[in-house]
Structures are given as structure tokens and as C-alpha cells.
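Q: One structure, as C-alpha cells, below. Some questions next.
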Amino acid sequence: MADNQREMQRREKKAKKDRKNKIIIWSVIAVVIVILAVMKICEVNINSVKDRFTDADGNFTISQGVSEGNFPYNIDSSKNVVIKNVNKKLGVLTPLSFTVLDSNDAESEYSFEHGYSSPILKTSGIYTLIYDQGAKNMRLDTTSKAMYEMQTNNTIFCADVAKNGSVVYACASDEKKCDVHVLSKTRKELLSYSTSEGYIVAAAINDSGNKIAFVTVKSENAQLKYVLTTMNVGSDEVKASTTLPLGNVVELKYSSSNIYVVGDDYLAVVKNQKELEIVFDHSQINTVSYTFTPSNELVLVYNSYANSTENVVARISSNGKVKKETKLTGTVKSISASSNAVSIYADNEITTLKLSNLEKSGSITTDDSIKSICRMGSEVFVHRQSLIDRSEAETK
């Protein structure tokens, strides 16, 4: 009898324990269902939540998803992402979309999907120009609204945007080799010019939108010949044509009335639309990376030969004067400048130099997941994986 009573008590305790476990299990399931329902209603991407709590190696971590303000900010791609300072806001171009972020809290202020195969971003003041290189589409926007989107008659080679919203673009020509067009921010055509001198590989427009420059390339005597042509908007006449050193042109940029010509192995400036001055001659340097300050002054990283890690950082004015130089060791992957400092990402470290004398003012130890950086004021924003993040405080 006593044995039966003990057995009944044992079974009753087991039943109570089972009921308690079932309540706990069903409570957990209910909470999960509620969370999933809320996420569905709010259109939260579960994978993006996972990304916020995984590190560069895919391991679970809490710190990865916790950041000052609302950074890190999730983006729709991990590759071919461009981040730029657009009038003190953060412009983010991905293969799918373009977004303007408030740099303080990562709030999206303006965003759209572009649908371009090879999108190229150009910025000036409040204006952004995105064109589909090798195709026929381009669009002009401000940091808060669309100005226009258009399809050209022929394939776009290159383009640029002015601070007043004017756009210069070069495309294939039906009658000659290339056409050059300048449009106002309202799409009024301000200039149309055709050339048979070669194919246009670079184009630039000054802040006021009244001067343009473009580089043509053609084969002559079994070698490539690069020619820089300048024009004043409103005139069909060429201002000047100048033969450039041998080497690919990687950037053409106005700074006031002068033009930087950044080659892959040389650097030159053009003064007043016509006077070419060589800063570093053909094969004198190997261009590693470069950036421009908000006032359009060049900061160039170069070395003696490809794959060298012994670099020189140079601040160069638009008249061709080398203001300051300093040495930097490492494999440079990205560079960005503000009005008073320049930050360089190399060998898992972001080094910041004072712009005035190029002396080191701080550094941040990172990892190899960073793809590019963008300096704005005293902060550095980084692109890693599918995130845009704000860097930690710099240490000396």
C-alpha cells in the first residue's frame, strides 16, 4: 500500500514537471511567433538582423550590432559600394541603389533604386550624378529630390557634375567618334560638340558650370596619344588642346580655373584652361590612391613601382606646387580627406594626418573587412561587408 502511494506521488510530481516544461516551451514558441509577426509587419529582414550580430568571420557577437547612434547601417550589397561626402551628408551607392544618410544618426533622408549595370557616381555641392557607363541612362538628383532621369541617344563614356547642377557627358557619335554635351539642371542644352580626334576617356566641368575639359585618346604612330581639350560653355570654339604625357588618365578634376590631370604614372595641372605643367612626369611615379578635399585640393599617394609598400603622401595645390609630403608604409586601400585632415586605410589601420603639415594626429586599429572609408569632419565612416559604420575615436 505504501509502495503504491509513493508511486502515485512520484507520477504526480513527474506530471507537474512535464506540465511546467510544456508551459515554458509553448511560452517560448509564442514569443518567437510574436517576434516573427512583428518583424513581418515591420518588414524587417531576418538576415539583416543576423548580420548585425555576426562579425567578419561569421561568428556570433553582440558588439557588432551595437554602435553609437543608429550605426551600423545595413545596405543591400557587400561589393562595389561607394561612399562619399555629399554636402556634409553620407552618399552610399551600391549596385542596386543610392541612399543619402544623415551622418549623425544614419537616418535615410533620400533613397532610390537605379537599375544600372555599371553605375558611376559624381558629386558636387548638393548634386549627385549617376550614370550607367557603357549604357545610355543617367540621372541628376539633389540630396533630397530627383531633378531628372534621361536616356541618351548613344552610349555614355564619362560624365561630371558642377556645383550649380550643370552636367557634362561624353558619348558615342553617329557622325564622328564622340559627342560632348552640357545640360543645365533643368535639362536645357548649353553646349553640343562633336569630335573625330579620338575617343573620350575623361570629362570634367568646373563648379560654376561654365568651363569644361575632356581627354581624347587615339592611336598614332603605333602608340596611344592623349590630348586634353578645354572649352568655355556657350562657345562652339575649342579654347585649347594640349598633348598629355603617355599613360592612362584616372581622374580629371577642376579646382577653380585650374585642372588636375591624375595619370596612373604621372601628375599634371592645366592652368587657366591652356597652360600644361608637369608635376611628376611619365613613369616618375606609380599612382596608388588619391582624394580631394572639400575645396578640391588634391592629396595623392604614390610610390616608385607597383606593389611597393613604401609610399609618399603629397598635398598638391592646383597650380602644381607640392605643399607637403610625408612617408607612409603599407598597402594603401582607401583614402579620404576633410577640410583639415586626411585619413588613410592601410594594413588594418586607419591613419589620420593633419592636412596642414601631414603629421600623424591619430590612428584606429581595424581588421581586413573594411573595403573603403569616407572622412567627414572629425569622423571616419567605413564600408565593411553589408554595413556602413562609424569608426571609433582616434587614438594617438
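Q: In this structure, does Lys185 turn out to be out of contact with any Lys or Arg (no Cβ under 7 Å at 6 or more places or on another chain), over 21 Å from Val270 (Cβ atoms), without any contact (Cβ under 8 Å) to a residue 24 or more places away in the chain and not in a strand (DSSP E or B)?
A: No; evaluated as a whole, the condition is false for this residue.
Q: So, of the residues in segment 306-328 that are in contact with a Leu (Cβ under 6 Å, 6 or more places away or on another chain) and open to solvent by less than 20 Å² (accessible area, probe 1.4 Å), which turns out to be farthest from Asn258 (Cα to Cα)?
A: My answer is Asn311.
Q: Give Ile130, Ile83, Ile126 a once-over and let me know the one that is of a type in the set (Val, Ile, Thr), surrounded by fewer than 19 Cβ atoms within 10 Å (Cβ to Cβ) and touching a strand residue (DSSP E or B) at 6+ places or on another chain (Cβ under 8 Å).
A: Ile126
Q: Moving on to the next point. Take segment 188-201 and flag every residue that is part of a strand (DSSP E or B) and open to solvent by 20 Å² or more (accessible area, probe 1.4 Å).
A: Glu189, Leu190, Ser192, Tyr193, Ser194, Tyr199, Val201
Per-residue answers, yes or no, for (1) under 26 Å from Ser356 (Cα atoms); (2) open to solvent by 50 Å² or more (accessible area, probe 1.4 Å):
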{"position": "Ala203", "(1), (2)": "no, no"}
{"position": "Asn210", "(1), (2)": "no, yes"}
{"position": "Thr216", "(1), (2)": "no, no"}
{"position": "Pro245", "(1), (2)": "no, no"}
{"position": "Leu252", "(1), (2)": "yes, no"}
{"position": "Ala268", "(1), (2)": "yes, no"}
{"position": "Thr291", "(1), (2)": "yes, no"}
{"position": "Val299", "(1), (2)": "yes, no"}
{"position": "Ser304", "(1), (2)": "yes, yes"}
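Q: Answer with yes or no whether Ser219 is at pLDDT below 95, part of a strand (DSSP E or B), more than 12 Å from Cys158 (Cβ to Cβ) and polar (S, T, N, Q).
A: Judged against the criteria, Ser219 is a match.
Q: Considering only residues that are of a type in the set (Asp, Glu) and outside any strand (DSSP E or B), look in segment 165-182 and name the one that is most open to solvent (accessible area, probe 1.4 Å).
A: Looking at the filtered set, the residue picked out is Glu175.
Q: Looking only at residues that are closer than 30 Å to Ser97 by Cα and assigned to a strand (DSSP E or B) in segment 385-396, which one is modelled with the lowest pLDDT?
A: Of everything passing the filter in segment 385-396, Arg390 is modelled with the lowest pLDDT.
Q: Every residue in segment 338-384 that is small (Gly, Ala, Ser), part of a strand (DSSP E or B) and touching a residue at least 60 places away in the same chain (Cβ under 8 Å), please.
A: Across segment 338-384, the qualifying residue is only Ser372.
Q: Select from segment 225-234 the residues that are closer than 18 Å to Ser166 by Cα and either part of a strand (DSSP E or B) or modelled with pLDDT of 95 or more (or both) and write down the one among them that is most open to solvent (accessible area, probe 1.4 Å).
A: For segment 225-234, the residue satisfying everything is Asn232.
Q: Also, I was wondering about something else. Are there any pairs with C-beta distances below 7 angstrom linking a residue in segment 153-165 that is free of Cβ contacts under 8 Å to residues at least 40 places away in the same chain to a residue that is among the small types (Gly, Ala, Ser) and not in a loop (DSSP other than H, G, I, E, B), with the two at least 6 apart or on different chains, and if so which?
A: Correct list of pairs: Asn154/Ala172; Thr155/Ala172.
Q: Which number in (1) within 28 Å of Met376 (Cα to Cα); (2) of a type in the set (D, E, K, R); (3) surrounded by 21 or more Cβ atoms within 10 Å (Cβ to Cβ) marks the one condition that Glu107 misses?
A: (3)
Q: Then there's this: Which of (1) closer than 22 Å to Thr123 by Cβ; (2) open to solvent by 10 Å² or more (accessible area, probe 1.4 Å); (3) in contact with a Ser or Thr (Cβ under 6 Å, 6 or more places away or on another chain) is the odd one out, the single condition Ile344 does not satisfy?
A: Failed condition: (2).
The values are calculated or read from the model by the stated rules, or taken from the named source; none is laboratory data. Small disclaimer: the values here were computed from a predicted structure and weren't measured. Backbone-built Cβ (ideal geometry, glycine too); neighbour counts: all protein chains shown. Note: areas computed on protein heavy atoms with side chains; ligands, DNA, RNA excluded. Shrake-Rupley method; radii C 1.70, N 1.55, O 1.52, S 1.80 Å.
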